[in-house]
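Below is one structure, written out as structure tokens, with a few remarks after it.
The values are calculated or read from the model by the stated rules, or taken from the named source; none is laboratory data. Given the structure is predicted, the values throughout are model-derived calculations rather than measurements. Here Cβ is always computed from backbone atoms with ideal geometry, including for glycine, and neighbour counts include all displayed protein chains. Accessible surface is based on the protein model in full, side chains and every heavy atom, while ligands, DNA and RNA are left aside. Shrake-Rupley method; radii C 1.70, N 1.55, O 1.52, S 1.80 Å.
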Amino acid sequence: MEREVIEILSEYLSPQAAANLLARAKARLTPTTPQDWARLLEGPLWEELRAILPFREMPPGLKALVRRLKAATPPPPKPLGEAVPEAAPALEAVDLADPEERDRLARSLARLEGVTGVVVAHPSGKAELPEGFPVPLDTAHLLLRRQGYALFYLRTASRLLLLRPVGGGFVGVTAREEANVGQLMHRLKRLAPKEVSG
């Protein structure tokens, strides 16, 4: 089953990235039955995939596999004591329009292990560490925003690039290729626009 899932994911990611993505999903839910696999694909795996690629709906290959798995066995009866779903990460409210908050967030992200550069951008200004950030992220953000992305992740031969829209701006991070991608993604997913009362 793992090989089939990796083959489907390899249409969109490198085989190694596909294997890593599946491993991250399985760390959250260990499948033992076809129903478990269907839940894994619709839940943790789909969340992981959406976090790194701007999909609006599940790719056809994965959809077909989920349908096949669900048809393989009848769903088990629901237990009386339903397990509590995994809690979402605590959100960190940020106001990117505030220059001090942009600087504070940039410094905080720059301290994460493996991070080589940070951009915290808003129409009213930008914080960059180091100064003269090497990758122009504004254009990438505008293109991805049209597709309604929540988090963009790209691995190149020499580095990682992560981009997260927050309110009217965005946060971008570059890191060494060996950096912990899961940790960086988790940190960026926690960011949320602060509700500013007027």
Here the residues within segment 40-95 that are in contact with a Phe, Trp or Tyr (Cβ under 9 Å, 6 or more places away or on another chain), outside any helix (DSSP H, G or I) and at pLDDT below 85 are 53, 54, 55, 59
Going by the structure shown, is residue 47 surrounded by fewer than 16 Cβ atoms within 10 Å (Cβ to Cβ) and more than 19 Å from residue 184 (Cβ to Cβ)? no
From the option list 169, 114, single residue qualifying as more than 29 Å from residue 56 (Cβ to Cβ) and not assigned by the TED database to the domain that holds residue 25 is 114
What are the pairs with Cβ atoms under 9 angstrom where one residue, in segment 24-37, is assigned by the TED database to the domain that holds residue 6 and assigned to a loop (DSSP other than H, G, I, E, B) and the other, located anywhere, is open to solvent by less than 60 Å² (accessible area, probe 1.4 Å) and hydroxyl-bearing (Ser, Thr, Tyr)? Sequence gap at least six, or different chains. 33/73
Can residue 42 be described as free of Cβ contacts under 8 Å to residues at least 24 places away in the same chain and either at positive phi or charged (D, E, K, R) (or both)? no
Strands (runs of 3 or more DSSP E) wholly inside segment 97-189 containing at least 1 residues that are surrounded by 12 or more Cβ atoms within 10 Å (Cβ to Cβ) and more than 17 Å from the chain's Cα centre (by Cα): 115-122, 125-129, 169-176
On the basis of being open to solvent by 20 Å² or more (accessible area, probe 1.4 Å) and in contact (Cβ under 8 Å) with a residue 40 or more places away in the chain, does residue 53 make the cut? yes
